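The values are calculated or read from the model by the stated rules, or taken from the named source; none is laboratory data. Computed from a predicted structure; not experimentally measured. FYI the Cβ positions are ideal-geometry reconstructions off the backbone, even for glycines, and counts take in every protein chain you see. Accessible surface is based on the protein model in full, side chains and every heavy atom, while ligands, DNA and RNA are left aside. Shrake-Rupley method; radii C 1.70, N 1.55, O 1.52, S 1.80 Å.
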Amino acid sequence: MTTATTSTYSCEKVTTTFNSLKCKECGTTYEPKAMHVCELCFGPLEVDYDYDAIASKVSRATIEAGPLSIWRYRDFLPVQTDNYIDVGTGMTPLLKANRLAKKLGIKNLYIKNDAINMPTLSFKDRVVSVALSRARELGFNTVACASTGNLANSTAAIAAHAGLDCCVFIPSDLEAGKVLGTVIYAPKVFAVQGNYDQVNRLCSEVANTHGWGFVNINLRPYYSEGSKTLAYETIEQLGWQLPDRVVAPLASGSLFTKIYKGFQEFVKVGLVDEKSVRFSGAQAEGCSPIASAFREGRDFIAPVKPKTIAKSIAIGNPADGVYAIDIARKTNGSIESVTDDEIIEGIKLLAETEGIFTETAGGTTIAVLKKLVEAGKIDPDETTVAYITGNGLKTQEAVQGYVGEPLQIEPKLSSFERALERSQTLERLEWQPVSV
Ligand SMILES: [Zn+2]
């Protein structure tokens with residue numbers, strides 16, 4: 001593997017809607033290079049766009065005429081050339097979830113289904129498509145990531161497509177599906193004996209010593225911008241309108257803050273009318289540092305040691321936690337946590353009512369949605385969008401033992417009839433009203 005600092009990939013600068021990175025805390029600006037922390041105050045850096053330039057270039061019509069991927073929103077993304085990596089990421093369905101809504105007791109529920117995002121079936125394909133496009137512009141030949149699984153899948157796959165060398169760091173106790181779904185693309189994979197926060201710390205050191213482009217470390221300002229496309233697509237798919245409420249999972253908190261930013265940007269450039277949107281965040285109780293801080297009215301995150309089946313969102317020291325809390329507070333939303341049992345119920349509920357098999361993060365989102373409805377915090381008439389961020393086939397261990405099994409029969413009609421009758425009897429018994 002080579003350490004590249006100079007570009008072997010030449011591409012002409014076409015249009016630029018951003019020229020710098022800006023500190024989220026003190027406002028200091030920097031050249032848009034591979035860096036993520038302010039040198040003066042250690043605040044996180046964000047991409048600083050020229051919204052007047054965007055507004056003069058972009059309309060609903062130009063977006064609708066664009067590719068059927070996240071790149072239809074190219075002017076809102078941090079790339080400076082048109083040589084971005086388009087593997088068909090984005091434009092996932094926004095499904096009107098009538099059966100789930102009825103079961104919960106609300107009327108206007110939508111599922112934004114990134115369980116079928118391309119190419120690796122999670123929302124991470126959005127952030128990685130953007131990060132690797134920018135990595136290539138910045139001249140990196142080797143890209144890397146610290147991952148709880150989905151990011152590893154995505155970085156390895158999109159790097160393979162783009163012909164970039166790839167190095168992936170994961171905790172050693174990940175689900176088998178996520179490990180296989182990474183090694184198949186033949187990156188170098190390091191299974192670290194530690195939790196995600198330890199993996200992340202190690203990667204920060206590697207990024208400093210090897211000069212690689214870590215998508216979620218030194219490329220983080222670019223990477224995180226990819227999540228905004230979930231907001232843009234939601235607006236477009238709702239017929240150029242904002243929803244009333246968002247329910248989304250919280251890991252680092254970045255996704256949550258970027259959906260908020262995406263909504264604001266479309267308002268700012270006049271693509272959609274302003275409206276207040278309530279933001280509700282979902283965490284697993286076994287790793288809920290953001291939910292705890294919200295509940296206790298704190299402005300800081302007390303890191304925790306994760307212990308939950310929802311491994312893809314098990315970040316004990318979430319980088320954007322305080323910003324997520326701020327958004328939940330100022331939009332009159334909330335941040336809730338649910339138990340592992342409730343997460344499994346959430347996965348099953350979404351599968352049985354809408355035909356979508358999500359992973360544990362999605363189960364967390366649905367369980368929190370249910371909790372909010374039951375607590376009367378969601379008005380039945382609100383237009384609510386729940387974000388399903390990953391696919392259940394990757395985390396089959398989580399539901400094994402909690403779902404039904406096939407009826408074993410001989411290849412004979414009589415055997416089939418007996419089994420059918422038995423199953424119907426069992427169903428009737430299960431559904432008998434309980435007398436008190
Ligand atoms: Zn600063």
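For the cross-link pairs 107/307; 311/371; 24/377; 102/307; 112/275, which exceed 29 Å when the distance is taken from alpha carbon to alpha carbon? As for pairs spanning more than 29 Å Cα to Cα, those are 107/307; 24/377; 102/307.
Under a model in which nothing but the beta-carbon of Lys, Arg (+1) and Asp, Glu (-1) is charged, segment 311-436 shows a dipole of about 120 debye around its Cα centre. Near residue 360, once Lys and Arg are set to +1 and Asp and Glu to -1 for all other residues with Cβ below 10 Å from its Cβ, the sum equals -2. Using the Karplus relation 6.51 cos²θ - 1.76 cosθ + 1.60 with θ = phi - 60°, the per-residue 3J(HN,Hα) values for segment 299-313 come to 9, 9, 9, 8, x, 10, 9, x, 8, 7, 6, 7, 5, 5, 10 Hz, with x marking Gly and Pro. Taking packing as the residue-averaged number of other Cβ atoms within 10 angstrom, the listed peptides 59-67, 314-322, 151-159 run from highest to lowest as 151-159, 314-322, 59-67.
Taking the Cα centre of segment 9-119 as origin and assigning +1 to Lys and Arg Cβ atoms and -1 to Asp and Glu Cβ atoms, the resulting dipole is close to 1000 debye. Ligands, DNA and RNA are left out, and with a 1.4 angstrom probe the accessible area of segment 158-237 is 38 Å² per residue.
Annotation note: trypsin sites (Lys or Arg not before Pro) in segment 327-436 located in DSSP loop regions with a Cβ neighbour count of at most 13 within 10 Å are 412.
Positive contributions from Lys and Arg (+1) and negative ones from Asp and Glu (-1), summed over other residues with Cβ under 11 Å from the Cβ of residue 174, come out at 0.
What number in nm² do you get for the chain if you take the convex hull of its Cα atoms and divide its surface by four? Mind dumping the intermediate values first?
Working: hull surface 96.2 nm².
Approximately 24.1 nm², given one-decimal rounding.
Sum -39500 (n - 2.57) across every DSSP H segment of at least 4 residues in the chain, then divide by the residue count to get the 222 nm mean residue ellipticity, nearest 500.
Mean residue ellipticity at 222 nm (helix-derived): -11500 deg cm²/dmol.
Computed over the chain with a Gaussian network model linking Cα atoms closer than 10 Å, the most mobile of 165, 197, 381 is 381. Kyte-Doolittle cut-off -1.0, length cut-off 15 Å along the helix's own axis using Cα: show which whole DSSP H helices in the chain pass. Long hydrophobic helices here: 124-137, 150-162, 196-210, 254-268, 340-354, 360-374, 413-431.
Protection proxy ranking, highest mean first, for peptides 219-231, 166-178: 219-231, 166-178, where packing is the per-residue count of other beta-carbon atoms within 10 Å, averaged. Note on residue 68 and residue 300: the model spin-label points, each 7 Å out from Cα along the C-beta direction, lie 5.1 nm apart. Applied to segment 47-60, the Karplus parametrisation 6.51 cos²θ - 1.76 cosθ + 1.60 on θ = phi - 60° returns per-residue 3J(HN,Hα) values of 6, 10, 8, 9, 5, 5, 4, 5, 4, 6, 9, 10, 9, 4 Hz, with x for Gly and Pro.
Overall, the chain carries a charge dipole of about 100 debye about its Cα centre when +1 sits on the Cβ of Lys and Arg and -1 on the Cβ of Asp and Glu, all other atoms neutral.
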